[in-house]
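Nothing in this text is a laboratory measurement; each read-out follows from the coordinates by a stated rule. Just so it is clear, the model here is predicted, and its values are computed rather than measured. Here the Cβ is made from the backbone with ideal geometry for all residues, glycine too, and neighbour counts use every protein chain on show.
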Amino acid sequence: MFFSKMGITTVGIVFFGIVGAEAQTIGIGITKGGANPAIGAAIASIVSKYSDLNMRTQAFSSGTRYAPLLDIGEVEFGVGNVSQFALSMQGTFTFNDRPKPNIRLVASLMPFRGGFLVKADSNIRSLSDLKGRKIGAGFPGQPLALVMHEAYLANGGLTYEDVVPVPATTMRSHWDLFKQGRVDGVMMSIGSGVVKELMATLGEVRYVSMDDSAESLAKLKQALPGAYFVTVGPSDNLDGAAEKFVTVAYDYGLWAAADVSDDIVYRVVKALHQNSKEFQEVSPLMTLYDSKAISRAQGVPYHPGALHYFREARLPVDGSE
């Protein structure tokens, strides 16, 4: 599989737990930044401890780098959000992308909640108020950021033609633009430590509530497959959430190459599902993981090995095939 085919020494480690001499080594692709490495490390630790598999991480610059490797079976597993991988499977995620029909979902993990953040004293109260405002654009280093921004604008009945686009290469660069006063708001995950970093420069901030009508939900799902609306706050523990607001969420998922054996996928899913409490404790990012939602329908096909375990564990599989 991945390690012999690619001839690359992984940056991962063998996580806690004793791995027997007969343990089969499998790879899991992760990105080098953001929440992805911690999620991948948590998965690898649980799988290596509670199965006879030795799962090791391999870092890439972005999910767009290892999704093609999953599709051709050069890496066994990968971590990524449902929206990004669904678009990548369709071949519509990046310019000149091609369909990737040989990727399968293995497990639905925790939700990622993201919103549009502005200064607390801003008169931007809805996303329609972004008309004529300055926002980040381009994002060649993180294509999903552009897709997300387009979805936020659409929620306000706008497109990039209605705003002043300010070139940004990555999420980090557009956060820096916000600190410098060069954009009027930014996309930001709920609970991110970056919010405190922004507040140190800008003062109080808040998230802009979205329109969660049925029409808006249909538009959201068209732009971001698997996405849904959630209500957050009011909360004293989440920066920017002093007021209740509606925002976007989509789930992180564990993915596999279609040709990974059903038995291996079965063992991976079993380890994650049966040790959910410890999985949650590996990293604060896992606190929203709900083992009962591991088989949640996402509009993409699950691996047969995962479906086998779901049925055995009497988990719902409607819409999963």
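Highest mean first, what order results for 284-296, 267-279 on Cβ atoms within 10 Å?
For the peptides 284-296, 267-279, the packing ranking is 267-279, 284-296.
On each of the three principal axes of the Cα atoms of the range 46-125, give max minus min coordinate, whole Å, ordered largest first.
Principal-axis extents of the Cα atoms in the range 46-125, largest first: 55, 37, 21 Å.
From Cα pairs below 8 angstrom and at least 6 apart in sequence, can you work out the relative contact order of the chain, rounded to a whole percent?
The value is 21 percent.
Would you kindly compute the Cα radius of gyration of the range 153-225 and its largest Cα-Cα separation (Dmax), both in Å?
13.9, 38
Identify, among VAL75, SER291, MET110, the residue whose Cα sits farthest towards the positive end of the charge dipole of the chain, taking +1 on the Cβ of Lys and Arg and -1 on the Cβ of Asp and Glu, with the dipole about the Cα centre.
Selected residue: VAL75.
Run through the DSSP bridge list for the range 23-178 and note the antiparallel percent, rounded to the nearest 5.
Beta bridges within the range 23-178, antiparallel portion: roughly 0 percent.
Using +1 on the beta carbon of Lys and Arg, -1 on that of Asp and Glu, and nothing else charged, what's the dipole of the range 113-250 about the Cα centre, debye to 20? If you can, show how the numbers build up before the last one.
Numbers: 14 positive and 15 negative charges, 41 e Å.
Taking the Cα centre of the range 113-250 as origin, the dipole is about 200 debye.
Based on Cα positions only, what radius of gyration and what Dmax would you give for the chain, in angstroms?
Radius of gyration, then largest Cα-Cα span, for the chain: 19.8, 63 Å.
For the range 113-250, what mean projected area does the convex hull of the alpha carbons give, in nm²?
Dividing the Cα hull surface by four gives the mean projection, 7.3 nm².
List, in the order given, every pair from LYS244/LYS292; LYS134/LYS196; LYS119/LYS196; LYS49/LYS277; LYS270/LYS292; LYS49/LYS270 whose Cα-Cα distance in the structure shown is over 18 Å.
Those over the limit are LYS244/LYS292; LYS134/LYS196.
Please report the relative contact order for the range 57-103, taking Cα pairs under 8 Å with a sequence separation of at least 6, and give it as a percent rounded to a whole number.
About 32 percent, as a whole number.
Starting from the eigenvalues of the Cα gyration tensor, five times each then square-rooted, give me the equivalent ellipsoid semi-axes of the range 202-254, largest first, whole Å.
24, 14, 9
Compare the peptides 251-261, 56-66 by average per-residue count of other Cβ atoms within 10 angstrom and give them in order, highest first. Present the calculation step by step, with values, prior to reporting the outcome.
On the way: 251-261: 21.8, 56-66: 19.4.
Highest to lowest by the protection proxy: 251-261, 56-66.
Among 168-178, 80-90, how do they line up from the highest to the lowest mean number of other beta-carbon atoms within 10 Å?
Going from most to least packed, we get 80-90, 168-178.
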